[in-house]
Every structure is written in structure tokens, then in C-alpha cells.
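Each remark here refers to the structure printed beneath this line.
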Amino acid sequence: MSEIVHVNLAERSYDIHIGPGLLERSGALIAPLLERPKVAVVTDENVAELHLTTLRNGLLENNITMSHIVLPAGESTKAWPQFERTVEWLLAEQIERNDVVVAFGGGVIGDLAGFAASVLRRGVRFVQIPTSLLAQVDSSVGGKTGINAPQGKNLIGAFHQPSLVLADTGVLGTLTERDFLAGYGEVVKYGMLGDIEFFQWLENNGPALAAGDMALRIEAVKRSCQMKADIVARDELEKGDRALLNLGHTFCHALEAATGFGDRLLHGEGVAIGCALAFEVSARSGLCSQEDPSRVRAHLIDMKMKADLSDIAGELPDADGLMALMLQDKKMMGGTLHYVMARGIGDAFVTSDVDPNVVRQVLQDGLSVRR
Ligand code: GLY
């Protein structure tokens, strides 16, 4: 029971396979891309321990051998030192222009390995095998690759589309509940930004999906990937519509910076809180009804997810401090911050016309709950 979503980008088009057991079938699925039966796999410690043998055996089914590099797990890997190490390893492995790099892990590995592939010998092809829910529904699709800079997240990178994505939903069973729910923050984002029916479907099916129902997991990953594929096909380089995918992300990036980009707040948790804040700002700006942010928060709470600033452990900067961090956002254009706001659930749009006083007040109100 696997599904395919096609990303339509002319000569850079590719398929996303979604379903359980894809690691076991990886050799058959990757073989058509190869000119010689050898791939270079970039992974991390956690994924290697759990799944590398399955991948190796899956490749061997089609007589494909693999060499691999195991990077430390965690966001701090996504920086120059491990990037340099990876590129030098790929060169030492004599990965040629026509070879294929495999990014096998969550968002950190996918972004770093994809960026390494984009610069290696001026660009080699790569396959994404995302192992976290967040990577399966977001970061492995669409070709954004890169690493973090001391100045902020994802500030160094390139657009480089994968040649194939294998989203093995079977591996989601090895995620912690916290990691799974963080990835769900990106799933529910798709409903909020462009598809109220999907949001309703998630309200009805989210708890069973989180509890492990495989058919529901496949459906959620498929619908998320289909929405992302449609948006990326319209706007590959984020000149317009693609920015909608950043719903909640301006707040999220500020909160991640404030909490040190680590375990205190996972990216997907920040996305969920950021979406709730974006809906609150939208409602107070008269763009959508006050029921919309309430409904967003109700679903997040129903899923036992973080929904409010008060759900973040420890101290946070004050509202002005958070707003200063928001100004580091990549959506700054001509010195103006562009926000993703909503006219309702499923109807997001990009605008620079947001009153900073409303944003400040929403943050102040959220922060005051914790004191
Ligand atoms: N994660 C947002 C994008 O791929 O555009």
C-alpha cells in the first residue's frame, strides 16, 4: 500500500513514494537513477542505529552497495564543520558527477546532505529518504537545502531538487511521541494555510493517526506532500505563493532563536505555536473571525501539542525582544517584514500590511499568561 505524489518541475520533476516498507524496496526504486551500482549515504547516529541495516539490505536486493557517513544527531550538525566533513568525505569516496547521494534522516540530514550534493562537483543528484514526519511532509520535498549561520537558521543554502523521495511511513513508528507531534505541526499547517477540508479531516482523524493508524498516516503524508508539490510547482524559487508554506514560521524562528534552537522547543512545536499566533494576529487585525484562532488552538490542545507561549518551558524575551528576533526572518524585503496572515482556516496570504502594535500586543498577552 504505497502512494506516489509527482512534483511537476519540467526536467527537475520527481516522484515522492509514500508508504511502509520502502526501505526494503529502496534498491528497486533507486536503481533506475544509477549509472553504477553504488551510492553514498549521509545519515545520523540515531537513524543509523535503527534503520541503516534495513536500507543496506534493501539496496543489496538490487546489488547496489553503499558507503556511509554517520553525523551527530541534532540541529548543531547543520553548520559549516559537519558540512565540510561531509563534502570532503564525498570527495574521498570519489563520488562522481553521475553518482547519487542519499540523504537518510530527518530535516537536518536532508538539508545538509542536499546542500552538499548541490555543491559537490557543481551539483550531483540526490535522493531523500526522510525518516521523521517533519521531513516527510516538508523538508524533503521542494529542494530547499542548506545549513544554519550564527546569524540565523537556513541562511546558507541552495535550491537543489532531489531526484526521488522515499517517505517510508513504517519508520514513523520509531519516533518518540514528541518528535511525531512536532512533525504533525507541519501537517496541520497545510490545512490551516490552504485546505479547510483537510483541517477538518485532521480534527476528525488526528488522534487516531498519532496513535499509529497506518492508513491515516499515509493519507496525511500524501495530502501534505500533494499540497506542497502543487505550491512548489507554481513557485519553485519562492517568488510568491511558496511563502505561504511559512505560515507560523516568522514567530517560530524567533522562538527557536530565543530558546537556543534545541530541545526546549522543537521546530514543529514552534510552527504550531507560530500558527496559533498568526491566527490570533489575523483575528485582531479584523482579517478572520475570533473563532478561527480558538479552533486552531483547540485542535492543537486536542492533539496534546504545545499551542501557546506559556507551553514553552523557561524564560522568554519580552515582546520587543521577540520582535527584534523576528526581524532576522528571510521574509524581510526592502527592510519590511512580510507576514503570512489568514482570512480564515484554509485561506492564508502574504502581506507586509500588519500593524506591529497588534503583533506586540498578541505577544505581550501570550507572555503575560506565564508570569
Ligand atoms: N519549508 C518551506 C518550504 O519548503 O518552502
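Figures for the structure shown
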| item | result |
| --- | --- |
| From the options Leu23, Leu60, residue that is surrounded by fewer than 17 Cβ atoms within 10 Å (Cβ to Cβ), touching a helix residue (DSSP H, G or I) at 6+ places or on another chain (Cβ under 8 Å) and either more than 21 Å from Val221 (Cβ to Cβ) or not acidic (Asp, Glu) (or both) | Leu60 |
| Region 143-157 - residue that is in contact with a strand residue (DSSP E or B) (Cβ under 6 Å, 6 or more places away or on another chain) and open to solvent by 30 Å² or more (accessible area, probe 1.4 Å) and, of those, nearest to the ligand (Cβ to nearest atom) | Asn154 |
| Pair list, Cβ < 6 Å and 6+ apart or interchain, from region 173-195 residues that are in contact (Cβ under 8 Å) with a residue 12 or more places away in the chain and at negative phi to residues that are within 16 Å of the ligand (Cβ to nearest atom) and acidic (Asp, Glu) | Ala182/Glu269; Glu186/Asp138 |
| Subset tally (residues that are within 29 Å of Leu216 (Cβ to Cβ) and more than 15 Å from the ligand (Cβ to nearest atom)) for region 110-142 | 3 |
| Test: residue in region 244-257 that is modelled with pLDDT of 95 or more and more than 12 Å from the ligand (Cβ to nearest atom) | yes |
| Qualifying positions in region 296-322 - of a type in the set (D, E, K, R) and either touching a Pro at 6+ places or on another chain (Cβ under 7 Å) or in contact (Cβ under 8 Å) with a residue 60 or more places away in the chain (or both) | Asp302, Lys304, Asp308 |
| Among (1) among the small types (Gly, Ala, Ser); (2) touching a helix residue (DSSP H, G or I) at 6+ places or on another chain (Cβ under 9 Å); (3) farther than 23 Å from Ala210 by Cβ, the one test that Gly286 misses | (2) |
| Residue pairs meeting the criteria (Cβ under 8 Å; at least 6 apart or on separate chains; first touching a residue at least 24 places away in the same chain (Cβ under 8 Å), in region 151-168; second of a type in the set (Gly, Ala, Ser) and open to solvent by 30 Å² or more (accessible area, probe 1.4 Å)) | Gly152/Ala257; Lys153/Ala257 |
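The values are calculated or read from the model by the stated rules, or taken from the named source; none is laboratory data. Computed from a predicted model, the values in this text were never measured in an experiment. Glycine gets a Cβ as well: all are built from the backbone with ideal geometry, and neighbour counts include every protein chain shown. Heavy atoms of the whole protein, side chains included, go into the accessibility calculation; ligands, DNA and RNA do not. Shrake-Rupley method; radii C 1.70, N 1.55, O 1.52, S 1.80 Å.
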